[in-house]
Amino acid sequence: MMNGDVKTVEGFKIEAVPAYNIVHKRDTGQPFHPKGVGNGYIITFGDKRVYIAGDTENVPEMKGLKNIDIAFLPMNFPPTMTPEMVADAAKAIKPKILYPYHFGETDTSRVLNLLKGTPEIEVRIRNMK
């Protein structure tokens, strides 16, 4: 799928959302994930909308998403988001449940602290080790 595409597969509506880097770049100056190449996806089934961001930063297209029930946001600096970027994106998207993922050695308590004042977002962090 290309950025912006929408398909229905086996009753699941799938929307391709742009996923790319604005800030984080390789030593060559090129973004880790260039604009127009990668996707995140919103999957709708029944009355639930799940957003899986893919490898991205908190790009403007993400901040315009609405009615997201569950969001999976990557938190691994670089090449994806810092905890501050994840908190910023979550505050814009307002998912009911947030799963930070792809966090490697990132201190996950940072995103919890940044979102303390937003009780409408339940943050769930899974120990993947």
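The values are calculated or read from the model by the stated rules, or taken from the named source; none is laboratory data. Note that the structure is a prediction, hence the values are computed from the model and not measured. Cβ atoms come from the backbone with ideal geometry, glycine included; neighbour counts cover every protein chain shown.
Of the residues Lys7, Lys13, Lys25, Lys48, the single one that is surrounded by 13 or more Cβ atoms within 10 Å (Cβ to Cβ), at pLDDT 95 or above and out of contact with any helix residue (DSSP H, G or I) (no Cβ under 9 Å at 6 or more places or on another chain) is Lys13.
Picking from residues in the stretch 5-53 that are outside any strand (DSSP E or B) and of a type in the set (S, T, N, Q), the one that is farthest from Val86 (Cα to Cα) is Thr28. Do we find that Asn113 is not in a helix (DSSP H, G or I) and not acidic (Asp, Glu) in this structure? Here the answer is no, as Asn113 does not meet what is asked.
Looking only at the stretch 86-106, residues that are free of Cβ contacts under 8 Å to residues at least 40 places away in the same chain, over 9 Å from the mean Cα position of the chain (by Cα) and part of a helix (DSSP H, G or I) come to 4 in all. Scanning the stretch 107-129 for residues that are in contact with a strand residue (DSSP E or B) (Cβ under 8 Å, 6 or more places away or on another chain), over 16 Å from Val50 (Cα atoms) and surrounded by 14 or more Cβ atoms within 10 Å (Cβ to Cβ) turns up Thr108, Val111, Leu112, Leu115, Ile125. Can Glu61 be described as acidic (Asp, Glu), surrounded by fewer than 17 Cβ atoms within 10 Å (Cβ to Cβ), under 25 Å from Gly4 (Cα atoms) and under 13 Å from the mean Cα position of the chain (by Cα)? It is true that Glu61 is acidic (Asp, Glu), surrounded by fewer than 17 Cβ atoms within 10 Å (Cβ to Cβ), under 25 Å from Gly4 (Cα atoms) and under 13 Å from the mean Cα position of the chain (by Cα).
Per-residue answers, yes or no, for (1) within 17 Å of Arg126 (Cβ to Cβ); (2) of a type in the set (Phe, Trp, Tyr):
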| position | (1), (2) |
| --- | --- |
| Ala53 | yes, no |
| Thr56 | no, no |
| Pro60 | no, no |
| Lys66 | no, no |
| Phe72 | yes, yes |
| Pro83 | yes, no |
| Pro100 | yes, no |
| Gly104 | yes, no |
| Asp107 | yes, no |
